[in-house]
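Visitor: Before anything else, here's the structure in question.
No lab work stands behind these numbers, since they all come straight from the coordinates. Remember, it's a predicted structure, so these values are computed and weren't measured experimentally. Cβ sites come from the backbone with ideal geometry, for glycine too, and all protein chains shown count toward neighbours.
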Amino acid sequence: MKRLLGFARQLNEKKISLQGKPFFEALRFLIIYLIVGIIWIMWSDQWLAAIVDDYDSFIEMQTYKGWFYVVTSGLLFFVILQSRLTVLKVLSDKLIHQATYDELTQLPNKNKLTQMIDSVIEDSETDDRYALICMDFDDFSNVNELLGYHIGDQLIASINRRVKPLIKEDDIIGRDSDGFVFFVDLKNYPEDQLIDFLEEIKKSVNQSWSIENQILFVTCTMGVSRYPQDGDKFTELYKAANAAIHQLKEKGKNDYHFFAQDYHLKRIERVTMMNELRKSLDMHELTLAFQPIYQMVENRIIGFESLIRWQSPTFGKVSPSIFIEYSEETGLIHLIDEFVFESVIRLRKDWCHGEYKDIMISLNLSAKGLANAQLMSKVESWVQQYEIDTRLIQVEITETALIANFDIAIEHLHFLRNLGFSIALDDFGSGYSSLTYLQTLPIDTLKIDRTFTMNIGLDVKQDIILEAIINLADELDLKLVIEGVENVQQRDFLLEHQCLYGQGYYFGYPTEVKNAVELVKKDFEEANGKI
Ligand code: C2E
Ligand code: MG
Ligand code: MG
């Protein structure tokens with residue numbers, strides 16, 4: 001009996017596993033039990049009769065025999081069941097451990113952390129405060145990919161040995177994909193002590209590590225979220241801490257950052273907006289508005305600037321300066337650029353005769369669009385397909401488009417110019433502007449940003465600069481368009497300084513294509529003395 005119980009213990013120690021299929025295992029036991037039972041029933045009475053000769057003793061012994069059978073088989077069942085259940089327990093404990101602890105460091109993994117941290121939060125008092133710190137190694141995949149996973153693993157194990165002693169007794173440390181997670185009771189870190197703790201972690205990671213004769217340098221980025229303000233569950237705090245890492249990684253790495261709610265909302269808003277924009281693009285819900293550009297001396301329309309318009313179901317009318325910036329970040333801008341370019345080429349085709357046959361249409365091309373070779377070949381095929389006079393289409397680009405990818409941008413500007421398009425440098429004078437570009441760029445038109453127009457007559461120095469730009473454009477033989485003309489004083493100043501072309505609310509707001517057509521017709525009739 002003792003031996004049998006010892007066997008069960010051995011199973012545990014030696015981690016013996018269950019072998020064979022459970023059905024056949026059970027069947028084996030059943031068959032043995034039945035055979036033993038049959039032999040017992042068939043032979044035991046004969047053996048008993050051979051030993052005992054008087055009838056009363058025989059009956060008494062038979063009762064003992066019955067009891068013996070029941071007790072022995074019961075014990076046997078107990079031992080077998082216990083040993084089998086022990087194996088199951090060993091295996092299930094092993095599985096649970098594997099599912100909840102990191103094999104490399106033996107630290108709780110994300111599943112276990114969820115349980116542990118949620119139960120700490122559940123048991124907390126109302127004034128308890130905690131911080132969750134997610135630490136991510138910067139570019140750790142480089143270590144794994146360049147040096148191999150075994151080096152990466154050893155590095156993690158070494159870092160674990162160094163950071164683990166930094167935490168206080170009740171704090172929790174766990175492992176997560178590319179780094180570690182700390183959950184600390186803020187009672188232990190009053191005032192700036194949490195910052196000191198973060199600095200300590202940073203310092204202990206930012207060292208040189210020697211692994212298998214390789215000297216490695218590692219940096220880490222940490223995101224911090226706090227209970228209760230950033231969430232009251234591990235998953236929420238974890239999400240917030242990772243969002244904080246994201247916020248920081250947009251600016252740099254190797255530092256720590258506390259989760260900021262409004263920034264996070266902005267990101268969510270951005271994602272929602274981009275999803276909606278994609279749908280709107282698929283459904284062809286984006287439109288173009290057209291703002292007239294005037295030749296100011298004769299007060300005649302010479303062209304229109306096309307400006308994209310989008311009505312979002314959630315955000316209402318969104319300014320292109322916002323959604324264009326977001327779509328440049330997400331790559332959606334390629335679809336927008338294609339849409340704008342093809343729409344303008346089509347409109348130019350529609351306007352190839354009648355009053356508008358000489359009207360120029362200007363379009364805005366994004367920095368990414370200008371660098372996009374695929375778009376360039378599409379433009380070339382549209383030009384052939386629609387058989388348009390490309391001289392009456394102007395492509396507006398900004399200086400940022402040039403800075404981003406100078407060589408390709410210049411190559412594509414030449415390409416567009418060779419196709420016949422005219423090129424305008426938009427928003428000149430806003431942000432980063434360089435006069436040196438003007439000599440070298442293949443451009444025909446300079447569009448002066450409305451920040452200059454706004455200050456006409458208000459800022460003497462700026463008026464002088466504006467005059468200088470007007471003269472410079474003249475000398476370089478560039479057509480000059482002033483944006484943002486809002487009143488008659490501004491227009492008069494520009495006319496006085498020999499500036500020919502203007503665009504702005506004074507002349508007309510961006511409007512639908514059918515109104516633009518009406519404007520051209522009216523302008524044409526006025527010029528021909530019909531009105
Ligand atoms: P932009 O190309 O400089 O366009 C001129 C902007 O100034 C337009 O704003 C226009 O409505 C506005 N504007 C015109 N006259 C006046 C005025 O007298 N006063 C004031 N305060 N504003 C005036 P919008 O349509 O909101 O576009 C903003 C920017 O978004 C554009 O600046 C351009 O950079 C970009 N954008 C617009 N449409 C497109 C497009 O189809 N593709 C690309 N890539 N960018 C576009
Ligand atoms: Mg423009
Ligand atoms: Mg502009």
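Visitor: Mind checking the angle between helix 373-386 and the chain's longest principal axis? C-alpha axes, 0 to 90 degrees, to the nearest 10.
Guide: Value to nearest ten degrees: 50.
Visitor: Right, here's the next one. Indicate, rounded to the nearest 5 percent, the antiparallel portion of the DSSP beta bridges found entirely in the chain.
Guide: Values: 41 of 64 bridges.
Of those bridges, close to 65 percent are antiparallel.
Visitor: Please report, in cubic angstrom per residue, the volume enclosed by the convex hull of the alpha-carbon atoms of the chain. Walk me through the intermediate numbers first.
Guide: Values: hull volume 158.6 nm³, N = 531.
Convex hull of Cα atoms, per residue: 299 Å³.
Visitor: Could you put ASP492, ASP138, ASP230 in order, starting from the residue whose Cβ has the fewest other Cβ atoms within 10 Å? Walk me through the numbers before you get to the answer.
Guide: Values: ASP492 13, ASP138 18, ASP230 22.
Listing ASP492, ASP138, ASP230 from fewest to most nearby Cβ atoms yields ASP492, ASP138, ASP230.
Visitor: Continuing with the same structure: What's the angle, to the nearest 10 degrees (0 to 90), between helix 333-350's Cα axis and the longest principal axis of the chain?
Guide: 40
Visitor: Can I ask one more? Based on the alpha-carbon set only, what is the convex hull volume of the range 234-343 divided per residue, in Å³? Walk me through the numbers on the way to the answer.
Guide: Details: hull volume 16.7 nm³, N = 110.
Taking the convex hull of the Cα positions in the range 234-343, it is 152 Å³ per residue.
Visitor: Ok, one more. So what's the gap between the Cα centers of the range 260-325 and the range 65-108, to the nearest angstrom?
Guide: Answer, in whole Å: 67.
Visitor: Okay, moving on. Determine the calculated [θ] at 222 nm for the chain from helices alone, applying -39500 (n - 2.57) to every DSSP H run no shorter than 4 residues and normalising by the residue count; nearest 500 deg cm²/dmol.
Guide: Numbers: 20 runs with 295 residues, N = 531.
The helix-only estimate for the chain comes to -18000 deg cm²/dmol at 222 nm.
Visitor: Sorting TYR294, TYR55, TYR101 on the 10 Å Cβ count, fewest up front, what's the list? Don't skip to the answer; put the middle values down first.
Guide: Details: TYR294 23, TYR55 8, TYR101 17.
Neighbour counts put them in this order, fewest first: TYR55, TYR101, TYR294.
Visitor: Something else about it: Helix 193-205 versus the longest principal axis of the chain: what angle, 0 to 90°, nearest 10, using Cα atoms?
Guide: Taking the Cα atoms of the chain, the angle to 193-205 is about 80 degrees.
Visitor: For the pair GLU60 and HIS414, how long in nm is the line joining their label points, each one 7 Å along Cα→Cβ?
Guide: 12.2
Visitor: Looking at this model, which pairs from LYS110/LYS239; LYS21/LYS89; LYS317/LYS447; LYS112/LYS239; LYS202/LYS249; LYS168/LYS233 are more than 19 angstrom apart at the alpha-carbon? Before the final figure, lay out each step's value.
Guide: On the way: LYS110/LYS239 12 Å; LYS21/LYS89 17 Å; LYS317/LYS447 26 Å; LYS112/LYS239 16 Å; LYS202/LYS249 15 Å; LYS168/LYS233 22 Å.
Pairs exceeding the cut-off: LYS317/LYS447; LYS168/LYS233.
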